[in-house]
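**Q** Pasting a structure here, questions to come.
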Amino acid sequence: MNPALKLIKVFVLFYTLSYVTVTWFIDYFYPLPASAKRAARTCYTLLEYIATSIDIKGGHNHAV
């Protein structure tokens, strides 16, 4: 596996954990309006999609 892809995977995992923690933390102590939560979720989904597409490319292209 490409070391860069491995690094991206670690980053995505770390990002996911921090996203969940931060979201819970904010929800618990300072409830945000639904629109702000929606915006955060959209950004997260976009990053997840990018990570997944990189992962798929990395899985099939062994020349990288």
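**Q** Under the condition of being of a type in the set (Lys, Arg) and under 13 Å from the mean Cα position of the chain (by Cα), which residue from region 6-64 is modelled with the lowest pLDDT? Don't jump to the end; show me each part of the working.
**A** First, the residues of region 6-64 that are of a type in the set (Lys, Arg): 6, 9, 37-38, 41, 57.
Add one more test, that the residue is under 13 Å from the mean Cα position of the chain (by Cα), and what stays is 9, 41.
Working: Lys9: 84, Arg41: 79.
Result: Arg41.
**Q** Something else: Sort out which residues of region 1-40 are outside any helix (DSSP H, G or I) and under 16 Å from Thr52 (Cβ atoms), and write them in order of number.
**A** Going through region 1-40, the residues outside any helix (DSSP H, G or I) turn out to be 1-2, 30-33.
Answer for region 1-40, where residues must be outside any helix (DSSP H, G or I) and under 16 Å from Thr52 (Cβ atoms): Met1, Asn2.
The values are calculated or read from the model by the stated rules, or taken from the named source; none is laboratory data. Given the structure is predicted, the values throughout are model-derived calculations rather than measurements. Using ideal geometry, Cβ is built from the backbone for each residue, glycine included, and neighbour counts are taken over all protein chains shown.
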